[in-house]
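Inspection log for the structure reproduced underneath, given as C-alpha coordinates.
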Amino acid sequence: MAVSLLDRVRSYVEPLILVGISISYLPITAVLHPLLLVSSPTSFRAKWFENFWRIIGPKMAASEIQVEHIDELLSRARGAVLELGPGGGDQMYHYRPGQISTLYGAEPNAFLHARLAEMAAAHGLGGAKFVALEAAAQPGSLLPALKKAGLVPATTSTLPEQGVFDTVVAIKSLCSAPQPQLAATVAVIQALLKPGGEFLFFEHVENSSDPVTMSYAWLLGWFWPLFTGGCRLNGKVDRIILGMGGWDQRSVTTTGDFRGHEVFRYVKGICRKT
Ligand SMILES: C[S@@+](CC[C@H](N)C(=O)[O-])C[C@H]1O[C@@H](n2cnc3c(N)ncnc32)[C@H](O)[C@@H]1O
(Lines give C-alpha, C1' and ligand atoms only; values in the text may rest on other atoms or scores of the structure.)
Protein backbone atom coordinates (compact mmCIF):
# COMPACT_ATOMS: atom_id res chain seq x y z
CA MET A 1 0.00 0.00 0.00
CA ALA A 2 1.43 3.42 -0.98
CA VAL A 3 2.17 5.68 1.95
CA SER A 4 1.63 9.42 1.59
CA LEU A 5 4.43 11.77 2.50
CA LEU A 6 2.19 13.28 5.18
CA ASP A 7 1.67 9.87 6.84
CA ARG A 8 5.38 9.23 6.78
CA VAL A 9 6.23 12.62 8.28
CA ARG A 10 3.54 12.15 10.95
CA SER A 11 4.94 8.83 12.07
CA TYR A 12 8.52 10.18 12.06
CA VAL A 13 7.48 13.14 14.24
CA GLU A 14 5.83 10.86 16.83
CA PRO A 15 9.11 9.68 18.45
CA LEU A 16 10.41 13.26 18.44
CA ILE A 17 7.37 14.37 20.44
CA LEU A 18 8.16 11.69 23.04
CA VAL A 19 11.78 12.88 23.20
CA GLY A 20 10.49 16.45 23.69
CA ILE A 21 8.21 15.38 26.56
CA SER A 22 11.07 13.47 28.16
CA ILE A 23 13.37 16.51 27.87
CA SER A 24 10.75 18.63 29.64
CA TYR A 25 11.09 16.36 32.70
CA LEU A 26 14.85 16.84 32.86
CA PRO A 27 14.88 20.32 34.48
CA ILE A 28 11.96 19.34 36.75
CA THR A 29 13.91 16.31 38.00
CA ALA A 30 17.11 18.36 38.38
CA VAL A 31 15.30 21.00 40.47
CA LEU A 32 13.53 18.44 42.65
CA HIS A 33 16.55 16.11 43.07
CA PRO A 34 19.73 18.18 42.79
CA LEU A 35 21.68 15.92 45.14
CA LEU A 36 20.91 12.86 43.07
CA LEU A 37 22.30 14.62 40.00
CA VAL A 38 25.70 15.06 41.61
CA SER A 39 25.83 11.97 43.82
CA SER A 40 24.59 9.32 41.37
CA PRO A 41 23.99 10.13 37.68
CA THR A 42 22.58 6.59 37.20
CA SER A 43 19.95 7.09 39.93
CA PHE A 44 19.22 10.55 38.53
CA ARG A 45 18.48 9.03 35.11
CA ALA A 46 16.22 6.44 36.75
CA LYS A 47 14.36 9.19 38.64
CA TRP A 48 14.04 11.26 35.45
CA PHE A 49 12.56 8.24 33.64
CA GLU A 50 10.17 7.62 36.56
CA ASN A 51 8.90 11.23 36.42
CA PHE A 52 8.40 10.93 32.66
CA TRP A 53 6.86 7.44 32.74
CA ARG A 54 4.45 8.30 35.59
CA ILE A 55 2.69 10.59 33.07
CA ILE A 56 3.34 8.81 29.77
CA GLY A 57 2.96 5.18 30.97
CA PRO A 58 -0.81 5.37 31.67
CA LYS A 59 -1.41 7.13 28.33
CA MET A 60 0.54 4.48 26.42
CA ALA A 61 -1.25 1.70 28.28
CA ALA A 62 -4.57 3.18 27.13
CA SER A 63 -3.51 3.28 23.45
CA GLU A 64 -6.51 1.92 21.58
CA ILE A 65 -4.47 0.08 18.98
CA GLN A 66 -2.50 -1.82 21.64
CA VAL A 67 -5.03 -2.53 24.40
CA GLU A 68 -6.71 -5.46 22.66
CA HIS A 69 -3.41 -7.22 21.86
CA ILE A 70 -2.03 -6.77 25.36
CA ASP A 71 -5.30 -7.97 26.89
CA GLU A 72 -5.21 -11.10 24.72
CA LEU A 73 -1.73 -11.86 26.10
CA LEU A 74 -2.06 -10.95 29.76
CA SER A 75 -5.43 -12.64 30.16
CA ARG A 76 -3.56 -15.94 29.45
CA ALA A 77 -1.07 -15.45 32.32
CA ARG A 78 -1.56 -18.08 35.01
CA GLY A 79 0.13 -19.72 37.99
CA ALA A 80 3.54 -18.33 38.95
CA VAL A 81 4.09 -15.37 36.61
CA LEU A 82 7.28 -13.40 35.99
CA GLU A 83 6.83 -10.02 34.32
CA LEU A 84 9.97 -8.36 32.96
CA GLY A 85 10.00 -4.55 33.13
CA PRO A 86 6.44 -3.91 34.37
CA GLY A 87 7.21 -0.20 34.88
CA GLY A 88 4.62 1.51 37.07
CA GLY A 89 2.12 -1.35 36.66
CA ASP A 90 -0.01 0.39 34.03
CA GLN A 91 -0.76 -2.89 32.27
CA MET A 92 -1.78 -4.70 35.51
CA TYR A 93 -5.47 -4.31 34.80
CA HIS A 94 -5.28 -6.91 32.03
CA TYR A 95 -4.34 -9.75 34.38
CA ARG A 96 -6.99 -12.16 35.64
CA PRO A 97 -5.97 -12.34 39.34
CA GLY A 98 -8.06 -15.47 39.95
CA GLN A 99 -5.77 -17.56 37.75
CA ILE A 100 -2.47 -16.19 39.14
CA SER A 101 -0.81 -17.62 42.27
CA THR A 102 2.05 -15.07 42.48
CA LEU A 103 3.17 -12.29 40.14
CA TYR A 104 6.89 -11.46 40.29
CA GLY A 105 7.64 -8.06 38.76
CA ALA A 106 11.31 -7.74 37.73
CA GLU A 107 11.64 -3.97 37.41
CA PRO A 108 15.18 -2.51 37.42
CA ASN A 109 14.02 1.03 38.18
CA ALA A 110 13.43 0.96 41.96
CA PHE A 111 11.75 4.39 41.83
CA LEU A 112 8.81 2.71 40.06
CA HIS A 113 8.34 0.01 42.72
CA ALA A 114 5.96 1.89 45.04
CA ARG A 115 3.52 2.61 42.22
CA LEU A 116 3.92 -0.91 40.87
CA ALA A 117 2.90 -2.43 44.21
CA GLU A 118 -0.02 0.02 44.46
CA MET A 119 -1.27 -0.92 41.01
CA ALA A 120 -0.89 -4.65 41.73
CA ALA A 121 -2.99 -4.29 44.90
CA ALA A 122 -5.57 -2.17 43.06
CA HIS A 123 -6.01 -4.93 40.49
CA GLY A 124 -6.43 -7.92 42.78
CA LEU A 125 -2.75 -8.80 43.14
CA GLY A 126 -2.05 -7.39 46.59
CA GLY A 127 -0.29 -8.87 49.63
CA ALA A 128 1.61 -12.11 49.05
CA LYS A 129 0.31 -12.30 45.48
CA PHE A 130 2.81 -9.68 44.29
CA VAL A 131 6.60 -9.59 44.72
CA ALA A 132 8.73 -6.82 43.23
CA LEU A 133 12.30 -7.73 42.26
CA GLU A 134 14.87 -5.04 41.56
CA ALA A 135 16.22 -6.71 38.44
CA ALA A 136 16.58 -6.30 34.70
CA ALA A 137 15.78 -9.03 32.16
CA GLN A 138 19.36 -9.93 31.19
CA PRO A 139 20.64 -13.07 32.96
CA GLY A 140 23.43 -11.26 34.87
CA SER A 141 20.80 -9.18 36.67
CA LEU A 142 17.77 -11.49 36.70
CA LEU A 143 19.36 -14.69 37.99
CA PRO A 144 20.97 -13.19 41.12
CA ALA A 145 17.60 -11.57 41.97
CA LEU A 146 15.78 -14.89 41.53
CA LYS A 147 18.38 -16.58 43.73
CA LYS A 148 18.01 -13.87 46.37
CA ALA A 149 14.24 -14.39 46.33
CA GLY A 150 14.74 -18.15 46.77
CA LEU A 151 13.14 -18.94 43.41
CA VAL A 152 16.19 -20.70 42.01
CA PRO A 153 18.80 -22.52 44.12
CA ALA A 154 21.57 -20.18 45.24
CA THR A 155 24.23 -22.85 45.28
CA THR A 156 24.12 -24.33 41.76
CA SER A 157 24.87 -22.73 38.41
CA THR A 158 22.16 -24.72 36.59
CA LEU A 159 18.48 -23.80 36.57
CA PRO A 160 15.85 -26.24 37.90
CA GLU A 161 15.07 -28.77 35.15
CA GLN A 162 11.35 -28.58 35.88
CA GLY A 163 11.36 -24.77 35.44
CA VAL A 164 10.15 -22.10 37.83
CA PHE A 165 7.35 -20.10 36.18
CA ASP A 166 4.13 -20.99 34.39
CA THR A 167 4.20 -17.72 32.45
CA VAL A 168 6.83 -15.12 31.59
CA VAL A 169 5.60 -11.76 30.28
CA ALA A 170 7.39 -8.86 28.57
CA ILE A 171 5.44 -5.80 27.43
CA LYS A 172 7.58 -3.14 25.74
CA SER A 173 10.52 -3.86 28.02
CA LEU A 174 12.94 -6.09 26.10
CA CYS A 175 13.72 -3.08 23.88
CA SER A 176 15.50 -1.64 26.94
CA ALA A 177 17.50 -4.79 27.70
CA PRO A 178 21.03 -4.94 26.23
CA GLN A 179 20.50 -6.07 22.63
CA PRO A 180 23.78 -8.06 22.27
CA GLN A 181 22.56 -10.22 25.19
CA LEU A 182 19.02 -10.65 23.91
CA ALA A 183 19.47 -14.21 22.59
CA ALA A 184 20.93 -15.27 25.97
CA THR A 185 18.09 -13.44 27.75
CA VAL A 186 15.44 -15.28 25.74
CA ALA A 187 17.24 -18.61 26.30
CA VAL A 188 17.08 -18.02 30.07
CA ILE A 189 13.39 -17.03 29.82
CA GLN A 190 12.75 -20.36 28.13
CA ALA A 191 14.81 -22.26 30.73
CA LEU A 192 12.82 -20.60 33.54
CA LEU A 193 9.50 -21.79 32.11
CA LYS A 194 7.96 -25.04 33.27
CA PRO A 195 7.16 -27.53 30.47
CA GLY A 196 3.99 -26.23 28.79
CA GLY A 197 4.58 -22.76 30.27
CA GLU A 198 4.15 -19.71 28.06
CA PHE A 199 6.30 -16.74 27.12
CA LEU A 200 3.96 -13.87 26.19
CA PHE A 201 5.34 -10.69 24.70
CA PHE A 202 4.33 -7.47 23.00
CA GLU A 203 7.42 -5.60 21.84
CA HIS A 204 8.52 -3.16 19.18
CA VAL A 205 11.20 -4.50 16.87
CA GLU A 206 13.22 -2.97 14.06
CA ASN A 207 11.69 -1.97 10.78
CA SER A 208 13.88 -4.01 8.46
CA SER A 209 11.95 -3.52 5.23
CA ASP A 210 11.72 0.20 4.50
CA PRO A 211 15.13 1.76 3.66
CA VAL A 212 14.01 5.35 4.40
CA THR A 213 12.64 4.40 7.82
CA MET A 214 15.69 2.25 8.51
CA SER A 215 17.97 5.25 7.87
CA TYR A 216 15.77 7.50 10.00
CA ALA A 217 15.71 4.94 12.85
CA TRP A 218 19.50 4.65 12.64
CA LEU A 219 19.86 8.43 13.06
CA LEU A 220 17.28 8.55 15.84
CA GLY A 221 19.03 5.65 17.54
CA TRP A 222 22.01 7.88 18.40
CA PHE A 223 20.03 9.85 20.97
CA TRP A 224 16.70 8.01 21.49
CA PRO A 225 17.90 5.69 24.32
CA LEU A 226 19.19 8.65 26.32
CA PHE A 227 15.67 10.10 26.65
CA THR A 228 13.66 6.88 26.92
CA GLY A 229 15.29 4.88 29.72
CA GLY A 230 17.62 2.97 27.40
CA CYS A 231 15.01 1.86 24.84
CA ARG A 232 16.49 0.70 21.50
CA LEU A 233 14.85 0.87 18.08
CA ASN A 234 16.59 -2.19 16.63
CA GLY A 235 14.98 -4.97 18.70
CA LYS A 236 15.03 -8.46 17.23
CA VAL A 237 13.10 -10.56 19.71
CA ASP A 238 10.86 -11.85 16.91
CA ARG A 239 13.81 -13.15 14.90
CA ILE A 240 15.45 -14.69 17.95
CA ILE A 241 12.28 -16.58 18.91
CA LEU A 242 11.71 -17.78 15.35
CA GLY A 243 15.31 -18.98 15.12
CA MET A 244 15.35 -21.10 18.26
CA GLY A 245 13.97 -24.52 19.17
CA GLY A 246 12.33 -25.68 22.37
CA TRP A 247 8.84 -24.26 21.72
CA ASP A 248 6.10 -26.71 20.79
CA GLN A 249 3.81 -23.87 19.72
CA ARG A 250 4.89 -20.43 18.70
CA SER A 251 2.97 -17.58 17.17
CA VAL A 252 4.81 -14.35 16.42
CA THR A 253 2.84 -11.78 14.48
CA THR A 254 3.27 -8.17 13.49
CA THR A 255 0.18 -6.36 14.74
CA GLY A 256 -2.32 -5.42 12.06
CA ASP A 257 -1.97 -1.66 12.22
CA PHE A 258 1.64 -1.69 10.90
CA ARG A 259 1.74 -0.21 7.39
CA GLY A 260 5.44 -0.65 6.61
CA HIS A 261 6.93 2.81 7.07
CA GLU A 262 6.74 3.23 10.87
CA VAL A 263 9.80 3.27 13.14
CA PHE A 264 8.00 1.02 15.62
CA ARG A 265 6.90 -2.38 14.36
CA TYR A 266 4.98 -4.06 17.16
CA VAL A 267 5.03 -7.83 17.42
CA LYS A 268 2.89 -10.05 19.60
CA GLY A 269 4.19 -13.44 20.66
CA ILE A 270 2.70 -16.50 22.32
CA CYS A 271 5.30 -19.24 22.74
CA ARG A 272 4.65 -22.47 24.59
CA LYS A 273 7.62 -24.36 25.95
CA THR A 274 7.92 -28.00 24.93
C1 LIG B 1 8.53 1.44 28.03
S2 LIG B 1 8.54 0.97 29.70
C3 LIG B 1 7.22 -0.24 29.71
C4 LIG B 1 6.66 -0.48 31.08
C5 LIG B 1 5.48 -1.45 31.12
N6 LIG B 1 5.84 -2.76 30.64
C7 LIG B 1 4.32 -0.90 30.37
O8 LIG B 1 4.02 -1.41 29.27
O9 LIG B 1 3.69 0.04 30.88
C10 LIG B 1 10.00 -0.03 29.76
C11 LIG B 1 10.25 -0.64 31.12
O12 LIG B 1 11.38 -1.53 31.03
C13 LIG B 1 12.21 -1.30 32.14
N14 LIG B 1 13.58 -1.71 31.79
C15 LIG B 1 14.65 -0.92 31.54
N16 LIG B 1 15.72 -1.67 31.31
C17 LIG B 1 15.33 -2.97 31.40
C18 LIG B 1 15.99 -4.21 31.28
N19 LIG B 1 17.29 -4.27 30.99
N20 LIG B 1 15.27 -5.34 31.47
C21 LIG B 1 13.94 -5.29 31.74
N22 LIG B 1 13.25 -4.13 31.86
C23 LIG B 1 13.94 -2.99 31.70
C24 LIG B 1 12.08 0.18 32.43
O25 LIG B 1 12.50 0.50 33.74
C26 LIG B 1 10.60 0.39 32.19
O27 LIG B 1 9.87 0.13 33.33
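Some points to look at:
- Shape of region 35-105, Cα gyration tensor, a/c cut at 1.5: oblate
- Taking all Cα pairs closer than 8 Å and separated by 6 or more residues, the relative contact order of the chain comes to 17 percent.
- Between region 54-95 and region 163-186, the alpha-carbon center distance in angstrom: 15
- Cα Rg over Rh - region 6-146, Kirkwood: 1.01
- When you count the other C-beta atoms within 10 angstrom of each residue and take the mean per peptide, 198-207, 249-258, 151-160 line up highest first as 198-207, 249-258, 151-160.
- Farthest toward the positive end of the dipole of the chain, out of Val169, Met92, Leu143, is the Cα of Leu143, where the dipole comes from beta carbon charges about the Cα centre.
- Dipole magnitude of the chain about its Cα centre (Cβ charges: Lys, Arg +1; Asp, Glu -1), debye to nearest 20: 360
- Residue with peak Gaussian network fluctuation, the chain [Cα springs, cutoff 10 Å], from Gly126, Gly246, Gly98: Gly98
- Order by protection proxy (mean Cβ within 10 Å, highest first), peptides 221-231, 185-195: 185-195, 221-231
- Computed from the Cβ-Cβ distance with R0 of 35 Å, the FRET efficiency linking Lys194 to Leu226 stands at 0.35.
- Once the 1.4 Å probe is applied to the protein heavy atoms, region 169-238 comes out at 37 Å² accessible per residue.
- The mean of 1/r over all pairs of different alpha-carbon atoms in region 64-273, once inverted, gives a Kirkwood hydrodynamic radius of 17.4 Å.
- Protein accessible area in the chain, 1.4 Å probe - carbon and sulfur %: 62
- Protein heavy-atom accessible surface, 1.4 Å probe, per residue over region 52-146: 40 Å².
The values are calculated or read from the model by the stated rules, or taken from the named source; none is laboratory data. The structure displayed is predicted, hence computed values, not measured ones. Using ideal geometry, Cβ is built from the backbone for each residue, glycine included, and neighbour counts are taken over all protein chains shown. Surface accessibility is based on the protein's heavy atoms, side chains included, excluding ligands, DNA and RNA. Shrake-Rupley method; radii C 1.70, N 1.55, O 1.52, S 1.80 Å.
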